[in-house]
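The values are calculated or read from the model by the stated rules, or taken from the named source; none is laboratory data. All of these numbers come straight from a predicted model, not from anything done at the bench. Please note that ligands, DNA and RNA were not included when accessible areas were found on the heavy atoms of the full protein model with its side chains. Shrake-Rupley method; radii C 1.70, N 1.55, O 1.52, S 1.80 Å.
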Amino acid sequence: MIVHHLENSRSQRILWMLEELGLDYEVRRYQRDPKTMLAPPELRRVHPLGKSPMIEDEGRVLAETGAIVEYLVEKTGRLGPAANRDTVLRYRQFLHYAEGSMMPPLLALLVVGRLGILGKPAKAPVQKMLDQHLDWLETELATRDWFAGVEFTAADIMMSFPLEASRARGGLDGSRPNLIDWLERIHARPAYAAALAKGGPYAYA
């Protein structure tokens with residue numbers, strides 16, 4: 001299996017998942033353009049969109065973090081939800097929520113931050129939107145250790161990037177102790193550290 005891995009990107013989650021699963025893989029690293037911070041054109045040779053992460057496995061090229069995660073769960077039969085209706089529904093919810101609902105305000109916050117004084121009027125309403133997400137997530141982890149239920153799943157891997165970004169630039173701090181505790185626990189996992197070693201430097205911001 002080949003992972004096309006872009007520095008400081010969502011593809012770090014795929015490396016982490018592969019380490020959790022104990023699968024063999026090769027990392028092909030790509031550097032962002034230092035001026036635009038965009039992915040290099042070489043990625044378009046793998047897939048027309050030129051985005052990361054992408055994996056090559058068994059003659060297939062797969063893009064999209066969530067789709068790759070689902071593929072790996074199906075392939076191995078691991079890191080999916082327990083056979084409990086509520087757990088399954090929470091698992092599906094957070095698997096898609098990470099990119100579908102939580103990343104948009106984080107990306108908006110990044111854009112208005114880069115606009116400087118021009119983006120300042122938009123910062124407060126975007127932060128308010130993100131705070132609503134963080135408040136809800138804090139309550140979700142008040143009664144269980146992991147997002148889907150009592151066990152660590154691929155849903156937690158999907159949630160890592162938006163919450164790490166929130167910690168770096170979105171106002172997530174000690175006022176939400178359940179989320180901070182969750183971040184500390186995922187960062188302490190051996191597979192997480194192994195993925196960082198293979199993926200190279202990773203800045204959450």
Express in whole angstrom the spacing between the alpha-carbon centres of the range 134-205 and the range 76-91.
19
Expressed in square angstrom to the nearest 10, the accessible area of Leu115 with a 1.4 Å probe stands at 90
Order by accessible surface, 1.4 Å probe, largest leading, for residues Glu74, Glu56 comes to Glu74, Glu56
Candidate residues His4, His187, His47, His96: accessible-area rank, largest first, probe 1.4 Å
His96, His187, His47, His4
Starting from the Cα gyration tensor of the range 85-143, multiply each eigenvalue by 5, take the square root, and state the resulting semi-axes largest first in whole Å.
29, 12, 6
Using a ≥ b ≥ c from the Cα gyration tensor of the range 25-96 (square roots of the eigenvalues), is it rounded, prolate or oblate, where a/c under 1.5 gives rounded and otherwise the larger of a/b and b/c decides, a/b for prolate?
prolate
Per-residue ellipticity at 222 nm attributable to helices in the chain (runs of n ≥ 4 DSSP H, -39500 (n - 2.57) apiece, nearest 500 deg cm²/dmol) works out to -16500 deg cm²/dmol
